[in-house]
């Protein structure tokens, strides 16, 4: 099945749920490294998803209600987001497809309010997985498969 090819500067939109954590997501941008280009913009190829990093995102959990911050990352593309036929040089291009898998890397842990006098208790998790997101592309002309 064909879908739109992701190009340099397209947005990665993250959904708020990351397992037990809820993030206040902001969009990220993907940086393309493909040799081919569409309308003057390089195409994104398999591996370019690692260029998406959204730092400074607030998160919390039901237990750790004092917000912390983290960085949103793409963990893995969905199978329909990697072209099977369309390539730039010898590498598959990235397609809009469905939802990618995402993770939240904790930079400053959320905290649990103390049960009495004392300091808040920090979240011990270093990352939360199970998130999802999708690409939004300005390319509405060129498709790959």
Original post:
In units of 2.2 N^0.38 Å, what is the alpha-carbon radius of gyration of the range 86-145?
Top reply: 1.94
Original post:
Top mean-square fluctuation among 100, 135, 60, Gaussian network model of the chain, C-alpha springs under 10 Å?
Top reply: 60
Subject >> Top of 116, 133, 70 by mean-square fluctuation, Gaussian network on the chain, Cα under 10 Å >> reply: 116
Original post:
Across every pair of different alpha-carbon atoms, what Kirkwood hydrodynamic radius in Å does the range 40-84 reach?
Top reply: 13.2 Å
**OP:** At q = 0.22 Å⁻¹, work out log10 I(q)/I(0) for the range 22-145 with the Debye formula, treating every Cα as an identical point scatterer and leaving solvent out; two decimals please.
**Re:** -1.17
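Any read-out appearing in this document is the output of simple, stated calculations on the displayed coordinates, not a laboratory observation. Note that the structure is a prediction, hence the values are computed from the model and not measured.
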